[in-house]
Amino acid sequence: MESFVPSPRLVLFGAGHVGQAITRVLEPTRFDVTVVEDREEWVAALPEGTTVYDLGWDMFMDDGPWGPDT
């Protein structure tokens with residue numbers, strides 16, 4: 001039997017050392033990790049394949065991809 005349950009989504013605000021560590025820990029899991037960060041040097045250190053919104057936090061809160069799995 002195959003499951004078609006969507007992956008849970010986690011939104012992290014900031015890609016500093018804590019955001020990077022959380023993203024790396026969750027990389028092998030089913031979580032769809034989204035990071036909101038507008039500093040290029042921090043985004044560059046995230047694992048490949050991480051969804052990044054390079055907006056300010058306030059803009060993301062207004063226009064982010066909110067849904068039941070977020």
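What is the set of long-range amide H partners of residue 51 at a cut-off below 5 Å, with H atoms built 1.01 Å from backbone N?
33, 35
Give the calculated FRET efficiency between residue 58 and residue 29 to the nearest 0.05, with a Förster radius of 35 Å applied to their Cβ-Cβ distance.
Rounded to the nearest 0.05, the efficiency is 0.75.
Kindly rank 47-55, 2-10 from highest to lowest mean number of other beta carbons found within 10 Å of each residue.
47-55, 2-10
Which value, in Å², gives the accessible area per residue of the chain when a 1.4 Å probe is used on the protein heavy atoms?
Working: 4980 Å² over 70 residues.
Solvent-accessible surface per residue comes out at 71 Å².
Please list, in order along the range 7-21, the HN-Hα scalar couplings obtained from phi with the Karplus expression 6.51 cos²θ - 1.76 cosθ + 1.60 (θ = phi - 60°), rounded to whole Hz, x for Gly and Pro.
So the J values, rounded to whole Hz, are 5, x, 10, 10, 10, 9, 9, x, 10, x, 4, 6, x, 5, 5.
Per the Debye formula with a single identical scatterer at each Cα and no solvent contribution, what log10 I(q)/I(0) holds for the chain at q = 0.24, 0.28 Å⁻¹?
At q = 0.24, 0.28 Å⁻¹ the computed log10 ratios are -1.08, -1.33.
Quote to one decimal, in nm, the extra length available between residue 45 and residue 5 on full extension: 0.36 nm per residue of separation minus the C-alpha distance between them. Walk me through the numbers before you get to the answer.
Working: separation 40, 0.36 × 40 = 14.40 nm, distance 2.99 nm.
Fully extending the segment from residue 45 to residue 5 adds 11.4 nm.
Of the accessible area of the chain, with the probe set at 1.4 angstrom, what percent is carbon plus sulfur?
Looking at the chain in its full context, I get 57 percent from C and S.
The values are calculated or read from the model by the stated rules, or taken from the named source; none is laboratory data. As the structure is a prediction and not an experimental result, all values here were calculated from the model. Note: ideal-geometry Cβ built from the backbone for every residue, glycine included; neighbour counts use all protein chains shown. The area values use the complete protein model at the heavy-atom level, side chains included, leaving out ligands, DNA and RNA. Shrake-Rupley method; radii C 1.70, N 1.55, O 1.52, S 1.80 Å.
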